[in-house]
Amino acid sequence: MPIEKFTTLISECVPLPIENVDTDQIIPARFLKATTREGFGENLFRDWRYDKTGKPKEDFVLNSDRYSGEILVAGKNFGSGSSREHAAWALKDYGFKIVASSYFADIFKSNSLNTGLLPVQVSESFLARLFELLDTDPSIKVKVDLENQLISILPDGPQENFEINTYKKNCLLNGYDDIDYLLSIKAKISDWEKRMVI
Amino acid sequence: MDSKTIFDKIWDRHIVVNIPEGPSALYIDRHFIHEVTSPQAFGGLKERGISVFRPEKTVATPDHNVPTINQHLTIHEELSRVQVDKLTENCRDHNITLYGLNNPFNGIVHVIGPELGITQPGMTIVCGDSHTSTHGAFGSVAFGIGTSEVEMVLASQCVLQSKPKKMRINIDGDLQRGVASKDIILYIISQISTGGATGYFVEYAGSAIRSLSMESRMTICNMSIEMGARGGLIAPDEVTFEYIKGREFAPKGEQWDQKLEFWKSLPSDPDAAFDKELFFRAGDIEPMITYGTNPGMGTGISGKIPSLQEIDNASRNSFNKSLEYMGFSPGEAMEGKKVDYVFVGSCTNGRIEDLRIFASFVKGKRKADNLTVWIVPGSRQVERQAEKEGIRKILEEAGFEMRQPGCSACLAMNEDKIPEGKYAVSTSNRNFEGRQGPGARTMLASPLTAAATAITGRVTDPRTFL
């Protein structure tokens, strides 16, 4: 089944300059009880975003009028903790297409790629500069070009290349799906089973 | 032939296809599933109109949001009940073995795999749960996956994975009295931080590791993910083989001999290369406790919370935010801090050895009046064993009660939630904000430290009693 393609995105950003944001903050465990993938955006960052009566907390960035956009810019080690793919679904469902940070937890990174949410890993200095610029001017835009693996602060700010494995990049650019691929090698999988039984 | 680490030996033999400049299709020997991260994967199969490729290689158990009292009744909370029912339905439709709520083999997925002998050396093991690294204690390559990957395994018995880098962590020497495997792993994480092993698969080695029981080794491997590692493992040895022998699904007879020969070939070659190697001295480790909101924010129990000057400029905001949540100040001592709840359980410390340690400490003493204490066995088998050994009786005489198995207050998906603002000393694995309930404040520790704390009602160094 083809997945949504991703090529280039130009958007404003939402800054979250906190380190080690774990998946329990992105989507608390008590909201993992759905049996479908939809609707998790409602509870994205639930306990930072709302007080216990459900009233939005004014000082949290998602409730601020200053910032909006499809790119979340977060402090280092984003997505640590649980393997819940619900964290990536919640970010995507809320409307983010990209998360930029100076590094990501491994499982979150693969979950994001499998969900079509692009994790863009930038240098510490690029991240610090981006936070600084966003602090003074919330309207600045960032361009992410997947084909050329390039992230740029528009119009003439710094730019930087980012890493992504070639297989995953092709999947995203062309809308290819992992399971279609795995189903296509079933004969090889059966051969492996015959060969490897001990 | 090239020298290989145990990780290389297992990983390489499970590669079905290497995609050029991409990941490998890695064959999975055992797949565990639970109610929370599997429904959407089965949903995906249904949309594609395909069935499970190798149903006999998947085992299911509900654990994350089951109640820990009255399990014989219908689950009271509707959304939890729907998820557990969905797991039952999916297993029935796809011929997958399910150890449901009242089954004698039910329990936390990472407790039942090893105790049933399903987990064995040399295997690749995955589950939609980050603490799958627990199974690495047997010398298997075990790691947590997301739901899309659960769907991959159900569809093809493979996952697409890039090979991580390799790290060896050596802990040599003798442990101090009162120091347990939980303290070893909390110490390592406090030294290298919560992201210190991101991108790596860890092998734990050294004389201190070799001296540990299987259950203690599981506690160490369990928390590999808390320093960002893809997984963690320990080479199998006589302790491992002795533990597996005779268990429900362990190999028997001639098959046992064949497997044993294979298992003995697994340990890393003496000159195998690692991308990174760390060394720690067991004697430096004291009972540990966390003060912050990630497992790397820990200290020896006689120590203090770092002062602001000890924290990098760039990290100070996050550090302050964390302490503010905990209601602590920089530079404070941890010993003697107020506690409201003690939780003993989870895939980290919910096995029989943990209950034995707790029970032998509290035997003949009394629970502190100011505390609520939840003792939750990791499985039905652990519960039965505790009964048989008289542990339940010891606990009850000291004023404690033992509940029924499940993940419980480790992640508070069921009713076992620590109330807002309350302090818990917990034997689980994560002290994240809200992890044990909205507003709950968690301090991670070993079962022995939890026991000492449960008796005094304050954060207590267990060594003062020894």
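The values are calculated or read from the model by the stated rules, or taken from the named source; none is laboratory data. Here the structure is a predicted model, which is why all the values come from computation and not from measurement. Methodologically, a virtual Cβ is constructed for each residue, glycine included, from the backbone with ideal geometry; neighbour enumeration extends over all protein chains shown.
Quick check, is A:Phe96 aromatic (Phe, Trp, Tyr), over 25 Å from A:Tyr181 (Cα atoms) and more than 12 Å from every other protein chain (Cβ to nearest Cβ)? Working first, answer last.
On the way: aromatic (Phe, Trp, Tyr): yes; over 25 Å from A:Tyr181 (Cα atoms): yes; more than 12 Å from every other protein chain (Cβ to nearest Cβ): yes.
Yes: the conditions hold for A:Phe96.
Would you call A:Phe131 touching a residue at least 60 places away in the same chain (Cβ under 8 Å), among the hydrophobic types (A, V, I, L, M, F, W, C) and within 10 Å of another protein chain (Cβ to nearest Cβ)?
no
Could you list all residues from segment B:432-447 that are polar (S, T, N, Q) and more than 10 Å from chain A (Cβ to nearest Cβ)?
Once the filter is applied, which keeps residues that are polar (S, T, N, Q) and more than 10 Å from chain A (Cβ to nearest Cβ), segment B:432-447 yields B:Thr442, B:Ser446.
Taking segment B:380-404 as the region of interest, how many residues are assigned to a helix (DSSP H, G or I), over 24 Å from the mean Cα position of the chain (by Cα) and farther than 21 Å from B:Pro114 by Cβ?
Going through segment B:380-404 one residue at a time, the tally reaches 4.
Within segment B:196-214, does at least one residue satisfy the condition of being in a helix (DSSP H, G or I) and in contact with a Ser or Thr (Cβ under 7 Å, 6 or more places away or on another chain)?
For segment B:196-214, residues in a helix (DSSP H, G or I) and in contact with a Ser or Thr (Cβ under 7 Å, 6 or more places away or on another chain): present.
Taking the condition of being of a type outside the set (Gly, Ala, Ser), farther than 21 Å from A:Glu38 by Cα and part of a loop (DSSP other than H, G, I, E, B), how many residues in segment A:69-100 meet it?
The total comes to 2.
To keep it simple, each residue is scored yes or no on (1) within 14 Å of another protein chain (Cβ to nearest Cβ); (2) over 24 Å from the mean Cα position of the chain (by Cα); (3) at negative phi.
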{"residue": "B:Met297", "(1), (2), (3)": "yes, no, yes"}
{"residue": "B:Phe319", "(1), (2), (3)": "yes, yes, yes"}
{"residue": "B:Ser329", "(1), (2), (3)": "no, yes, yes"}
{"residue": "B:Glu332", "(1), (2), (3)": "no, yes, yes"}
{"residue": "B:Phe343", "(1), (2), (3)": "no, no, yes"}
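Do we find that B:Gly439 is more than 21 Å from A:Arg46 (Cβ to Cβ), of a type in the set (Gly, Ala, Ser) and outside any helix (DSSP H, G or I) in this structure?
Numbers: more than 21 Å from A:Arg46 (Cβ to Cβ): no; of a type in the set (Gly, Ala, Ser): yes; outside any helix (DSSP H, G or I): yes.
So B:Gly439 does not fit the description; no.
Look through A:Val73, A:Val61 and report the one residue that is over 19 Å from A:Glu42 (Cβ atoms) and either among the acidic types (Asp, Glu) or more than 12 Å from every other protein chain (Cβ to nearest Cβ) (or both).
A:Val73
Please verify whether B:Val111 is touching a helix residue (DSSP H, G or I) at 6+ places or on another chain (Cβ under 7 Å), farther than 30 Å from B:Phe465 by Cβ, buried (at least 24 other Cβ atoms within 10 Å of the Cβ) and of a type in the set (Val, Ile, Thr), treating the condition exactly as stated.
No; evaluated as a whole, the condition is false for this residue.
Any chance you could count how many residues in segment A:159-195 are more than 7 Å from chain B (Cβ to nearest Cβ) and of a type in the set (A, V, I, L, M)?
Residues in segment A:159-195 being more than 7 Å from chain B (Cβ to nearest Cβ) and of a type in the set (A, V, I, L, M): 4 in total.
Those residues that are farther than 24 Å from B:Ile357 by Cα, assigned to a loop (DSSP other than H, G, I, E, B) and over 17 Å from the mean Cα position of the chain (by Cα), I need them from segment B:179-194; list them, please.
Once the filter is applied, which keeps residues that are farther than 24 Å from B:Ile357 by Cα, assigned to a loop (DSSP other than H, G, I, E, B) and over 17 Å from the mean Cα position of the chain (by Cα), segment B:179-194 yields only B:Ser193.
Return yes or no: is B:Glu203 closer than 21 Å to B:Cys407 by Cβ and among the acidic types (Asp, Glu)?
When the stated conditions are applied, B:Glu203 does not pass them.
A:Arg66 fails exactly one of the following numbered conditions: (1) surrounded by 21 or more Cβ atoms within 10 Å (Cβ to Cβ); (2) not in a strand (DSSP E or B). What is the number of that condition?
Result: A:Arg66 passes all but (1).
Taking A:Gly175, is it at positive phi and surrounded by fewer than 16 Cβ atoms within 10 Å (Cβ to Cβ)?
Judged against the criteria, A:Gly175 is a match.
What pairs come out if I take residues in segment A:149-166 that are on the phi > 0 side of the Ramachandran plot and pair them with residues that are surrounded by 13 or more Cβ atoms within 10 Å (Cβ to Cβ) whose C-beta lies under 6 Å away, six or more apart or interchain?
Final answer for the pair search is A:Gln149/A:Phe162.
If we scan segment B:75-84, do we find a residue that is closer than 26 Å to A:Asn165 by Cα and either surrounded by fewer than 22 Cβ atoms within 10 Å (Cβ to Cβ) or within 11 Å of chain A (Cβ to nearest Cβ) (or both)?
no
If a residue must be surrounded by fewer than 20 Cβ atoms within 10 Å (Cβ to Cβ) and assigned to a loop (DSSP other than H, G, I, E, B), how many such residues does segment B:1-22 contain?
8
Got at least one residue in segment A:7-16 being aliphatic (A, V, I, L, M) and at pLDDT below 95?
Going through segment A:7-16, the residues aliphatic (A, V, I, L, M) turn out to be A:9-10, A:14, A:16.
Add one more test, that the residue is at pLDDT below 95, and what stays is none.
Scanning segment A:7-16 turns up no residue that is aliphatic (A, V, I, L, M) and at pLDDT below 95.
Could you list, in sequence order, all residues of segment B:216-257 that are under 30 Å from A:Asn111 (Cβ atoms) and assigned to a helix (DSSP H, G or I)?
B:Arg217, B:Met218, B:Thr219, B:Ile220, B:Cys221, B:Asn222, B:Met223, B:Ser224, B:Ile225, B:Glu226, B:Met227
Being more than 13 Å from B:Phe138 (Cα to Cα) and either part of a loop (DSSP other than H, G, I, E, B) or of a type in the set (Lys, Arg) (or both) is the filter here, so list the residues in segment B:260-274 that pass it.
Result: B:Ser265, B:Ser268, B:Asp269, B:Pro270, B:Asp271, B:Ala272, B:Ala273, B:Phe274.
Check whether at least one residue in segment B:363-370 is closer than 27 Å to B:Pro438 by Cα, in contact with a Ser or Thr (Cβ under 8 Å, 6 or more places away or on another chain), at pLDDT 95 or above and in the same structural domain as B:Phe432 (by TED's automatic domain parsing), and report yes or no.
So far as segment B:363-370 goes, yes, one or more of its residues are closer than 27 Å to B:Pro438 by Cα, in contact with a Ser or Thr (Cβ under 8 Å, 6 or more places away or on another chain), at pLDDT 95 or above and in the same structural domain as B:Phe432 (by TED's automatic domain parsing).
Scan segment B:70-82 and tell me whether some residue there is touching a strand residue (DSSP E or B) at 6+ places or on another chain (Cβ under 9 Å) and either touching a residue at least 12 places away in the same chain (Cβ under 8 Å) or more than 25 Å from B:Lys417 (Cβ to Cβ) (or both). Write out each step before concluding.
Let us first name the residues in segment B:70-82 that are touching a strand residue (DSSP E or B) at 6+ places or on another chain (Cβ under 9 Å), namely none.
The answer is no; no qualifying residue exists.
Could you check segment B:42-67 and list, in sequence order, the residues that are small (Gly, Ala, Ser), under 24 Å from B:Arg81 (Cα atoms) and either buried (at least 23 other Cβ atoms within 10 Å of the Cβ) or free of Cβ contacts under 8 Å to residues at least 60 places away in the same chain (or both)?
Listed by number, the residues that qualify are B:Gly43, B:Ala60.
Does B:Ala424 satisfy being more than 14 Å from every other protein chain (Cβ to nearest Cβ) and at negative phi?
Considered against the rule, which asks whether it is more than 14 Å from every other protein chain (Cβ to nearest Cβ) and at negative phi, B:Ala424 comes out as yes.
Residues that are closer than 19 Å to A:Val14 by Cα and over 16 Å from the mean Cα position of the chain (by Cα), at least 1 per element: which strands (runs of 3 or more DSSP E) completely within segment A:108-198 meet that?
A:141-145, A:150-153, A:159-161
Quick grid of which residues meet (1) surrounded by fewer than 13 Cβ atoms within 10 Å (Cβ to Cβ); (2) hydroxyl-bearing (Ser, Thr, Tyr):
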residue: A:Ile3; (1), (2): no, no
residue: A:Thr8; (1), (2): yes, yes
residue: A:Ser11; (1), (2): no, yes
residue: A:Gln25; (1), (2): no, no
residue: A:Arg30; (1), (2): no, no
residue: A:Arg37; (1), (2): no, no
residue: A:Tyr50; (1), (2): no, yes
residue: A:Glu58; (1), (2): yes, no
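Answer with yes or no whether A:Asp106 is of a type outside the set (Phe, Trp, Tyr), out of contact with any Gly (no Cβ under 6 Å at 6 or more places or on another chain) and more than 8 Å from chain B (Cβ to nearest Cβ).
It is false that A:Asp106 is of a type outside the set (Phe, Trp, Tyr), out of contact with any Gly (no Cβ under 6 Å at 6 or more places or on another chain) and more than 8 Å from chain B (Cβ to nearest Cβ).
Any idea which residue in segment B:87-99 is farthest from B:Pro62 (Cα to Cα), counting only those that are part of a helix (DSSP H, G or I) and more than 25 Å from the chain's Cα centre (by Cα)?
From segment B:87-99, those part of a helix (DSSP H, G or I) are B:87-93; that's our starting set.
Add one more test, that the residue is more than 25 Å from the chain's Cα centre (by Cα), and what stays is B:89-90, B:92-93.
On the way: B:Glu89: 12, B:Asn90: 12, B:Arg92: 14, B:Asp93: 16 Å.
Selected residue: B:Asp93.
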